[in-house]
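A short write-up of the structure that comes next.
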Amino acid sequence: GAFSSVHQVKRTSDGSLYAMKKVKMGKLSEKEKQNAVNEIRILASINHPNVIAYKEAFFENSTNSLCIVME
């Protein structure tokens with residue numbers, strides 16, 4: 001969406017490549033912030049070969065962004 005971007009990232013420990021979605025939280029309404037958190041919950045609960053696997057999520061203070069790492 002207008003408040004997020006996706007980047008290819010590499011894990012330094014083993015060189016594995018992942019997609020990282022960065023959601024800029026500053027301009028989002030409370031409902032949109034809750035939807036972003038719910039996205040993490042849903043992704044973390046799904047284990048299916050046709051759905052992109054969730055790896056981790058964290059908050060990046062320097063950019064006020066929620067980062068979601070996926071395969």
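A few notes on this one:
- A 1.4 Å probe run over the chain, with the rest of the protein chains in place, finds 72 Å² accessible per residue.
- Heavy-atom accessible surface of region 6-71: percent carbon and sulfur, 1.4 Å: 51 percent
- Shape metrics for the chain, restricted to C-alpha atoms - Rg then Dmax, Å: 12.6, 38
The values are calculated or read from the model by the stated rules, or taken from the named source; none is laboratory data. This structure is a prediction, so every number in the text was calculated from the model and none was measured. The protein model used for the area step is the full one, side chains on, heavy atoms only, and it has no ligands, DNA or RNA in it. Shrake-Rupley method; radii C 1.70, N 1.55, O 1.52, S 1.80 Å.
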